[in-house]
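Visitor: What follows is a structure written as structure tokens; I'll ask about it next.
The values are calculated or read from the model by the stated rules, or taken from the named source; none is laboratory data. Being a predicted model, the structure only gives us computed values, none of them experimental. Positions of Cβ are generated from backbone atoms using ideal geometry, with glycine treated the same way; all protein chains shown enter the neighbour counts.
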Amino acid sequence: MSQPLASMTGYARATGAVPGASFACEVKSVNGRGLDIRLRLAPGFDALESDIRQLIGKTVSRGSVTFNLSVERDGAGGDLLVNRQALATVLSAIDELSGTVPAAPPTLDGILGLKGVLEQRDRPMSADAEEALAAAILGAAAQALADLILARRQEGGQIAAVLIERLDEIEALVQRAEVNPARGRDTILARLRRQLAALADDITLSEDRLAQEALLLATKADIREELDRLTAHIASARQLIRGGGAVGRRLDFLAQEFNREANTLCSKSNAVELTAIGLDLKAAIDQLREQVQNIE
């Protein structure tokens, strides 16, 4: 069974708690050339980095993914400790400045109120509790990633609908170019006669020579190959969209090929009508590629 088309942007959040602590896992993704993983873990949880990276790698194939983990431990039973090093630094500064700055002597509560002198430290959880917390965090991370994938696929479905509209537009323009009478040798011959008549009344060419010149111009302006390739690219793009999955790079390559054929069509154009179709093609292809940039 094929996977739905997915975008590279999305956001999800999962929370949880165990006795002694609560936590939140947030994950967001944006467009990226490949898979770029950035983790911001709460202090003391670096050991989970490898497991979380593996979870993301198994779930997401492309995009810039940021994962945030915040943890709050229960405050009850925590210890209030004096940071001896910070206190020594403060007392040393007081002794150094004593007598040089006109000020009242500092009070004990003032010194203890300085940032960093007193620290709130939670009592460590038991080994079993820490293990349960780590397992719960990984479970929440997996849930957040599942929700992220769901969000990316929902947006991917919307993008797929837009891509189909652009392909329909491109296909209609290709069909217009296909049936445009300016491609015919008779039309080119008639145009050549008008151009000669406009240059000078005394310039004449034999019918055979005119036919040869018209054939040469028609050969140079032949866009049969470009139209065939555009038709083949349309079919390939539709197949990729129907198949779903991580097809963003392949769709981007096809969009480049679309643009190349449209450019060649414009350069070969021998009539204003065909040039206008070619420019409309380029506009539709640009819109197609803009949307393709969002696909995983």
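Visitor: Considering only residues that are out of contact with any helix residue (DSSP H, G or I) (no Cβ under 7 Å at 6 or more places or on another chain), surrounded by fewer than 16 Cβ atoms within 10 Å (Cβ to Cβ) and closer than 22 Å to Gly157 by Cβ, which ones fall in region 1-31?
Guide: Met1, Gln3, Val30, Asn31 - these are the residues of region 1-31 that are out of contact with any helix residue (DSSP H, G or I) (no Cβ under 7 Å at 6 or more places or on another chain), surrounded by fewer than 16 Cβ atoms within 10 Å (Cβ to Cβ) and closer than 22 Å to Gly157 by Cβ.
Visitor: Right, next: Name the pairs: first residue in region 31-46 and free of Cβ contacts under 8 Å to residues at least 40 places away in the same chain and assigned by TED's automatic domain parsing to the domain that holds Ser61, second residue assigned to a loop (DSSP other than H, G, I, E, B) and hydrophobic (A, V, I, L, M, F, W, C), Cβ to Cβ under 7 Å, at least 6 apart or on different chains?
Guide: Between residues of region 31-46 that are free of Cβ contacts under 8 Å to residues at least 40 places away in the same chain and assigned by TED's automatic domain parsing to the domain that holds Ser61 and residues that are assigned to a loop (DSSP other than H, G, I, E, B) and hydrophobic (A, V, I, L, M, F, W, C), the close pairs are Gly32/Met8; Leu35/Val60.
Visitor: Could you tell me whether Ser70 is part of a loop (DSSP other than H, G, I, E, B) and of a type in the set (S, T, N, Q)?
Guide: No.
Visitor: In this structure, is Pro106 over 30 Å from Leu48 (Cβ atoms), assigned to a loop (DSSP other than H, G, I, E, B), of a type outside the set (D, E, K, R) and modelled with pLDDT under 80?
Guide: Against the criterion (over 30 Å from Leu48 (Cβ atoms), assigned to a loop (DSSP other than H, G, I, E, B), of a type outside the set (D, E, K, R) and modelled with pLDDT under 80), Pro106 qualifies.
Visitor: For residues in region 258-296 being among the acidic types (Asp, Glu) and over 20 Å from Arg176 (Cβ atoms), which is surrounded by the fewest Cβ atoms within 10 Å (Cβ to Cβ)?
Guide: Within region 258-296, the match that is surrounded by the fewest Cβ atoms within 10 Å (Cβ to Cβ) is Glu290.
Visitor: Looking only at region 160-203, filter to residues that are under 20 Å from Ser269 (Cα atoms) and among the small types (Gly, Ala, Ser); which one of those is modelled with the highest pLDDT?
Guide: Top of the filtered list is Ala172.
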